[in-house]
Amino acid sequence: MLKYAREAVLGINGARILFGALAGFVIGLGVFTFVYAEGASYLSNDSAACANCHVMQEQYDGWLKSSHRAVAACNDCHTPRPFLMKWGMKALNGARHSWAFTTGLFSEPIFVTPLNQRVTEDACRNCHAEMTAAMTHPSGGAEKRFCVNCHRSVGHLH
């Protein structure tokens, strides 16, 4: 009877050791990835963080030469203003970008997603509300035009 009890305890302890080792590996890999990818920089409002990925260097360089550099960081145009929505968008984009860049499953040149295009459009219209208020298209069948359709090079000069 004692033999079976000892085997049961070792089985439970073995499972705990295995679980602990697996959890430690996953946590360690996560910490390594966060540090290697300069994850803390994405928690800031520093536009240089956007150029951590080589694929964004052209956009960052264009922003450095644009008129918007003096008045807007990348987050001002590419994340919503409300706190929770901003951090939700940063998390969503961070997860999507991490997956795409880690796997190499992205196109070059990169393209904005429809969600991110709407966020950027809202930012344009918010900052330039006096000017854009008179430009809203009627809902009766008119194709909605995004600001970047005509002003493509304003934020990034490309």
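What are the residues in the range 36-47 that are surrounded by 13 or more Cβ atoms within 10 Å (Cβ to Cβ) and part of a helix (DSSP H, G or I), if any?
Gly39, Ser41, Tyr42, Ser47
Given the condition on the phi < 0 side of the Ramachandran plot, modelled with pLDDT of 90 or more and under 12 Å from the mean Cα position of the chain (by Cα), answer yes or no: does some residue in the range 13-34 qualify?
Within the range 13-34 (the criterion being on the phi < 0 side of the Ramachandran plot, modelled with pLDDT of 90 or more and under 12 Å from the mean Cα position of the chain (by Cα)), the answer is no, since none of the residues qualifies.
Within the range 125-144, restricting attention to residues that are aliphatic (A, V, I, L, M) and modelled with pLDDT of 80 or more, which residue is surrounded by the fewest Cβ atoms within 10 Å (Cβ to Cβ)?
Going through the qualifying residues, I end up with Ala129.
Return yes when Gly20 is without any contact (Cβ under 8 Å) to a residue 24 or more places away in the chain, more than 28 Å from Asn126 (Cβ to Cβ) and of a type outside the set (S, T, N, Q) and no when it is not.
yes
Is there a residue in the range 21-35 that is surrounded by 12 or more Cβ atoms within 10 Å (Cβ to Cβ) and assigned to a helix (DSSP H, G or I)?
yes
Sort through Arg118, Arg96 and tell me the only one that's under 25 Å from Gly30 (Cβ atoms), modelled with pLDDT of 85 or more and of a type in the set (D, E, K, R).
Answer to the selection: Arg96.
Could you say which residue among Asp76, Asp46, Asp61 is closer than 22 Å to His128 by Cα, among the charged types (D, E, K, R) and out of contact with any strand residue (DSSP E or B) (no Cβ under 9 Å at 6 or more places or on another chain)?
Values: Asp46 fails: closer than 22 Å to His128 by Cα; Asp61 fails: closer than 22 Å to His128 by Cα.
Sole residue among the options that is closer than 22 Å to His128 by Cα, among the charged types (D, E, K, R) and out of contact with any strand residue (DSSP E or B) (no Cβ under 9 Å at 6 or more places or on another chain): Asp76.
Within the set of pairs 6+ apart or on separate chains, which have a first residue in the range 51-69 that is assigned to a helix (DSSP H, G or I) and surrounded by fewer than 17 Cβ atoms within 10 Å (Cβ to Cβ), a second that is of a type in the set (A, V, I, L, M) and at pLDDT 85 or above, and C-beta atoms under 7 Å apart?
Every condition considered, the pairs that remain are Gln57/Ala51.
The values are calculated or read from the model by the stated rules, or taken from the named source; none is laboratory data. Quantities reported herein were computed from a predicted structural model and do not represent experimental measurements. So basically every Cβ, Gly included, is an ideal-geometry build from the backbone, and we count neighbours across all protein chains shown.
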